[in-house]
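Here is the structure we will look at, set down as structure tokens.
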Amino acid sequence: MTYFGVLATFILPPIVLMGVLVPLREWRALLRGESAQIRWEPFVILGIHVLMALFYTTPWDNYLVATGVWWYDENLVTGITLGYVPIEEYTFFIVQTIMTGLWTIGLMRTVTPNRESIPVRPRLRLGLTAAVVIGWAVSTAVLLSGWVPGTYLTLILSWALIPVFVQIVFGGDILVANWRLLVLSIGVPTLYLWVVDYLAINSGTWTIDPIQTTGVKVGVLPLEEMVFFLMTNVLIGFGMTLMLSPVAKRRAQALVARFKNTEDGHAVAK
């Protein structure tokens, strides 16, 4: 199966379905000419996540292909590349983010709304932050040690845990309070993408280097690929939840106000 064939068969249909159903109230308001009823904020935030996914993943994924961590069948892609990576891979960054983001918005609107208020728990945030820092430090140490079978796994963790650190520092307690939402928003797309990845690897669309992986697999699906899709969906799920959280918005406004007051104080002192 061609790379675009994988995306068209497995990723495009859920996006089209959710693209109709999730913003249904917005579509209805548009048809009635009631623009005041339209709330596009979640979809603007989703667009921001798409841009962040492209910006943050592009250099990392180019490094993976350049160093042979994974490769693609040249007969199953268009041949258009940006750097070392085929255009199909960049398309995957975009459509995965859209799929998981729409799913998360849909869950917020129908099943598990984002919590309006939570108890302030700075110690929880501190503990979670420490865990992420330790995880990143261990992963990076193993990566730098040159242990070849751990290459792909540690590249994933050392890359993904940096933005997770930022998310946890700012809103780890908010994320814990919304754990039901996150289990569904992250878990369901991850399981689905594991199946898609399994089928693509099995058909030879792309290949993971067995030398730079631990060898732990579920059928033909390497552990590293499972961790990759889990971590990328964590980034999307955490980010969407925080940026749409009323608690996070109030916290961000308070931080901005505190920063402005500090700047004003410095200006007066001068």
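The values are calculated or read from the model by the stated rules, or taken from the named source; none is laboratory data. If you're wondering where the values come from, they're calculated on a predicted model, not measured in any experiment. Cβ: placed from backbone, ideal geometry, glycine included. Neighbour counts: every protein chain shown.
In region 174-189, of all residues being crowded, with 21+ Cβ neighbours inside 10 Å and part of a helix (DSSP H, G or I), the one that is farthest from the chain's Cα centre (by Cα) corresponds to ALA177. If you go through region 177-191 and keep only what is in contact (Cβ under 8 Å) with a residue 40 or more places away in the chain and farther than 16 Å from VAL227 by Cβ, you end up with ALA177, ASN178, ARG180, LEU181, LEU182, LEU184, SER185, VAL188.
Under the condition of being surrounded by fewer than 24 Cβ atoms within 10 Å (Cβ to Cβ) and of a type in the set (Ser, Thr, Tyr), the residues counted in region 233-254 number 1.
Would a scan of region 196-214 turn up a residue that is of a type in the set (Gly, Ala, Ser), surrounded by 18 or more Cβ atoms within 10 Å (Cβ to Cβ) and either modelled with pLDDT of 95 or more or closer than 27 Å to LEU181 by Cα (or both)? If you could, list the steps in order and put the result at the bottom.
Step one: list which residues in region 196-214 are of a type in the set (Gly, Ala, Ser), which gives 200, 203-204.
Filter once more, keeping what is surrounded by 18 or more Cβ atoms within 10 Å (Cβ to Cβ): 200.
Filter once more, so that each one left must be either modelled with pLDDT of 95 or more or closer than 27 Å to LEU181 by Cα (or both): 200.
Yes.
The residue that is surrounded by the most Cβ atoms within 10 Å (Cβ to Cβ), among those in region 101-131 that are more than 30 Å from VAL16 (Cα to Cα) and polar (S, T, N, Q), is THR129. Got a number for residues in region 156-184 being closer than 17 Å to PHE93 by Cα and in contact with a Leu (Cβ under 8 Å, 6 or more places away or on another chain)? Selection size over region 156-184: 2.
Against the criterion of being within 30 Å of ILE105 (Cβ to Cβ), surrounded by fewer than 22 Cβ atoms within 10 Å (Cβ to Cβ), hydrophobic (A, V, I, L, M, F, W, C) and touching a Lys or Arg at 6+ places or on another chain (Cβ under 9 Å), ALA257 does not qualify. Pairs under 9 Å by beta carbon, first residue basic (Lys, Arg) in region 18-32, partner surrounded by 14 or more Cβ atoms within 10 Å (Cβ to Cβ) and at pLDDT below 90, six or more apart or different chains? Taking only residues 6 or more apart or on different chains, the pairs are ARG25/ILE38.
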